[in-house]
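These notes are about the structure you will find just below.
Quick note: the coordinates plus some simple rules give every number you see, no bench work behind them. This is a predicted model, so every value here is computed, not measured. Cβ: placed from backbone, ideal geometry, glycine included. Neighbour counts: every protein chain shown.
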Amino acid sequence: MISVLHSAWLIAAKDLRVEARSRELVYTTLFFAVTAVLIFAFSFVQEDSTVPPGAASGILWVTLTFSGTIALTRTFEREREHDTLRGLLLSPVERPAVYLGKLFAVLLLLAGVEAVLVPLTGLFFQAPLLRAPGLLVSLLAAGTLGFASVGTLFAAMLVRARSRDVLLPVVLFPLVVPVIIAGVRGTNVIFTPDSELAVARMWLAMLLSFDAVFLSLALWTSGPLLSE
Amino acid sequence: MRRAVPGLLLVATAMLAASPFMIDAAPPEVTMGLVQKIFYVHLPSAMLFMVASVVCGTSSAIYLLGGRRLGADRAAFTAAELAIVFGLITLVTGPLWGRKAWGVWWVWDVRLTSTLVMWLLSWSYVLLRRFGGAGSETLSAGVGLFGMALVPFVYWSVNVWRTLHPKTSVVPTLPASMGKPLWWSVAAFACLFAVLFATRARLERLRTDVDMALADADE
């Protein structure tokens, strides 16, 4: 167990080191996220600057899903271009460690994107971010983990597939429907003044159970699924 | 199974041909009137859509975790295609009925939403298979397995909204005059399903046989 976590951390550190030197993924994903938020602002914000109810949480989660998909594709594209995924799979570490390492790296990247995206949503759509900051961060963390746990596995499998750029959303979006529903609904509760925060906690519980089921399923099947 | 196909096809055709008369003879429903007749098509196709999804999920799991047997893979693929067909019938007849019964084509009710998500997942399975290239069997089996684990979550998350769709618990309480044509339709659709399943699985087996023979000839 310790050795699996240790190898996973080494793989994640390798990915993060590559990223820290080029900063390609952070910059491109962030730029994509910011422009996507702008497009949503132009489509939803009314002429008198009012925001339709529920728009802020929806925009936040849609942008997260889209930029997360782009980040996932790019992370593995890098491995494919240099044909290093095979090397990674041939190295004497267990499959779950490879999966976990990739997942850590993707999660840290998405956390960085969220650190910019969430304040931006508050700024553009007057969302009360500080109403329940702990709950908001937990919802975002649990939702991102759910999205990335499924996404990392399928992005890794799609590396060698033809037309992988379109196939990742084709597979991923139906599978993360519960994450999107729970994330949007829970965040919307926080963003709506005078609403019951207990409802948001219920959605957080649902997200956490989704994470538990799909993370264990991904770890369990990473052996047969990530074979050559 | 192959020998049974022509016979089953005959039975399915005869039953489907007779079903309009059975449905016509059933008494009209008090509040909905004529439009309720669509129920005799909607419910059987929804049932077989569920059967196909379950077959696809379990066969994917067997393929992935039970040593990559080709038969399990073929069953999963065939079931995914049939899920698209029967899901389409369900999703077309449902709104036609809903428009008359509820006044709207679509509501984001738990049954409607989860059917739509499961239908999209069978599309993911088939699209991956068609366009994923080599090695897509494993990938689509992953979709089948994860999709099966997804069902309770979709159901739970959508269930928070109020539900309009009639519960399936009404089915056993139906009067015999309505129950008979319903089960007749279910049986007819089930025969059709079995025929399509056997034929499609056989076609897929022949296709892989030809592919393998070609690969052998190339060497």
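Placing unit charges on the Cβ atoms only, positive for Lys and Arg and negative for Asp and Glu, gives segment A:2-225 a dipole magnitude near 640 debye about its Cα centre. Projecting label points 7 angstrom from Cα along Cα→Cβ for B:Met32 and A:Leu5 puts them 5.5 nm apart.
With a simple spin-label model that places each label point 7 Å from the Cα along the Cα-to-Cβ direction, the separation between B:Val104 and B:Ser177 comes to 3.3 nm.
Farthest towards the positive end of the charge dipole of segment A:1-138, among the residues A:Gly87, A:Ala12, A:Leu107, is the Cα of A:Gly87, using unit charges on the Cβ of Lys, Arg, Asp and Glu.
Note on A:Arg86 and A:Ala198: the model spin-label points, each 7 Å out from Cα along the C-beta direction, lie 5.9 nm apart. Taking every alpha-carbon pair in chain A and binning the separations at 5 Å intervals from zero gives 1, 7, 14, 18, 19, 16, 11, 7, 4, 2, 1, 0, 0 percent.
Given a Förster distance of 30 Å, report the FRET efficiency between A:Phe32 and B:Arg130 from their Cβ-Cβ distance, rounded to the nearest 0.05.
That pair, A:Phe32 with B:Arg130, gives E of 0.55.
Each Lys and Arg contributes +1 and each Asp and Glu -1, all at the Cβ; summed about the Cα centre of the protein assembly as shown, the dipole is approximately 720 debye. Pick out, from A:Ile180, B:Leu112, B:Ala14, the residue whose Cα sits farthest towards the positive end of the charge dipole of the protein assembly as shown, with +1 on the Cβ of Lys and Arg and -1 on the Cβ of Asp and Glu. Towards the positive end, the residue furthest out is B:Ala14. So how far, in whole Å, is the C-alpha centre of segment B:69-113 from the one of segment A:6-22? For segment B:69-113 versus segment A:6-22, the Cα centre distance is 44 Å. Using alpha-carbon positions, what is the distance between the centroids of segment B:1-47 and segment B:186-203, in Å? Cα centroid to Cα centroid, the span is 15 Å. Taking the C-alpha atoms only, the angle from helix A:133-157 to the longest principal axis of chain A is near 40 degrees. Taking Cα atoms only, the orientation of helix A:55-81 departs from the longest principal axis of chain A by about 20 degrees.
The GluC sites (Glu not before Pro) of segment A:35-103 that meet both conditions, a loop assignment by DSSP and at most 12 other Cβ atoms within 10 Å of the site Cβ, are A:Glu47.
Each other residue within a Cβ distance under 14 Å of A:Leu217 adds +1 if Lys or Arg and -1 if Asp or Glu, for a net charge of 0. Specify the angular offset, from 0 to 90 degrees and rounded to the nearest 10, of the alpha carbon long axis of helix A:197-225 from the longest principal axis of the alpha carbons in chain A. With both axes taken from Cα atoms, the answer is about 20 degrees. Based on C-alpha pairs under 8 angstrom that are at least 6 apart in sequence, chain A has a relative contact order of 27 percent.
Between B:Leu203 and A:Ser163, the C-beta separation translates, for a Förster distance of 30 Å, into a calculated FRET efficiency of about 0.80.
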